[in-house]
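Working notes, structure below.
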Amino acid sequence: MTNFVTITDVGPRDGLQNQATILSPSQRTDIIKGLAAAGVSHIEVGSFVSPKAVPAMAGASDIYQQLAADTQSKAQYQSLIPNAKGYELAKQAGAKSVMMVVCATETMNQKNVRMSIDDGLTQTKAMIAQGIEDNINVICCIAVAWQCPFEGKTDAKQVIKMATELSEAGAQDIIIADTIGAATPAAVADLMGQLAAVVPVEKLACHFHDTRAMGVANVYAALTVGIRKFDASLGGLGGCPFAPGATGNVATEDVVMMLHQMGYETGIDLEKLMQVSELAGDMLNQQIGGRAHVWRKLQLEKNQPLV
Ligand SMILES: [Zn+2]
């Protein structure tokens, strides 16, 4: 089992889509470049959704244009797309990787994309086929995989069925998302263990929100059953405009700190990452989340190393 853990920082999308302060495309690009310079290999940079529905994500094409000029970066950028129209916009902007969400409960899928789960799966499979033709990675996210704000506990069989179908259709990666941060470590180990038995484990990723302070524990639980890909958000930024009760993602620096101290590798420079989180906090004029920052400040005051 590999010791390397791949982190996708979803902060520039999941973290910024629902903030009181709306950042400009160039401010968001500065955060993305900072993350790439800190060694984050995968970054979710925006979404190609209607700017009327999610004003904070307007200007995704501008971000791609600015990133294309940054030839130093080796990071892979991905964007959320809701449908075929979003796919076309992402393709025109030069996106090489796109992410589509299908919710594991009917009510949430209706709220999110106004269609049934079956229609959502059909649409997503069509995008996967199109992506294979266009050489664009299509990543699939199964949202509310443990609990739904409208329907309560999610049926694991439904998540397993969806993940199996999407994997067989050729999805690059399948992200299993605890959209409202309601999963426990035991439930995570259970579902991810079952999924790893039927879907190639290297395709599976987890996406946790830290609503009930179990984000890092849930990452650990998924690690124990072989998961080596995680979404996280710098400074614990996050929330979903369509999921009541969703708060920030698990903080990337908390996850990276735990992983490094347990002997895993991520390729990320923790100190540089923390500086980017502070930059984002300054731009948003808010205190950043996660726990690692408090510890970092104390270590710096004592002139102690960040290990
Ligand atoms: Zn999320």
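Numbers at a glance
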| read-out | value |
| --- | --- |
| Cross-chain or 6+ apart pairs with Cβ under 8 Å, the range 220-231 first and in a helix (DSSP H, G or I) and open to solvent by 50 Å² or more (accessible area, probe 1.4 Å), then more than 16 Å from the ligand (Cβ to nearest atom) and not charged (D, E, K, R) | 220/185; 220/258; 224/189 |
| Selection within the range 159-196 - surrounded by 21 or more Cβ atoms within 10 Å (Cβ to Cβ), within 21 Å of residue 5 (Cβ to Cβ) and at pLDDT below 95 | 181 |
| Filter result (within 16 Å of the ligand (Cβ to nearest atom) and small (Gly, Ala, Ser)) within the range 7-38 | 11, 15 |
| Check on residue 216, touching a residue at least 40 places away in the same chain (Cβ under 8 Å), within 16 Å of the ligand (Cβ to nearest atom) and assigned to a helix (DSSP H, G or I) | yes |
| Flag if residue 199 is closer than 28 Å to residue 168 by Cβ, more than 15 Å from the ligand (Cβ to nearest atom), open to solvent by 40 Å² or more (accessible area, probe 1.4 Å) and not charged (D, E, K, R) | no |
| Test: residue in the range 239-253 that is under 21 Å from residue 31 (Cβ atoms) and away from the ligand (no atom under 16 Å from the Cβ) | yes |
| Residue check for residue 139: in contact (Cβ under 8 Å) with a residue 60 or more places away in the chain, touching a strand residue (DSSP E or B) at 6+ places or on another chain (Cβ under 7 Å) and open to solvent by less than 40 Å² (accessible area, probe 1.4 Å) | yes |
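Okay, residues lined up against (1) touching a strand residue (DSSP E or B) at 6+ places or on another chain (Cβ under 8 Å); (2) at pLDDT 95 or above; (3) crowded, with 19+ Cβ neighbours inside 10 Å:
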site: 55; (1), (2), (3): no, no, no
site: 60; (1), (2), (3): yes, yes, yes
site: 81; (1), (2), (3): yes, yes, yes
site: 100; (1), (2), (3): yes, yes, yes
site: 114; (1), (2), (3): no, no, no
site: 118; (1), (2), (3): no, yes, no
site: 145; (1), (2), (3): yes, yes, yes
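The values are calculated or read from the model by the stated rules, or taken from the named source; none is laboratory data. These figures come from a predicted structure and were not determined experimentally. When we count neighbours, we look across all protein chains shown, and the Cβ atoms used for this are built from the backbone with ideal geometry, even at glycine. The protein model used for the area step is the full one, side chains on, heavy atoms only, and it has no ligands, DNA or RNA in it. Shrake-Rupley method; radii C 1.70, N 1.55, O 1.52, S 1.80 Å.
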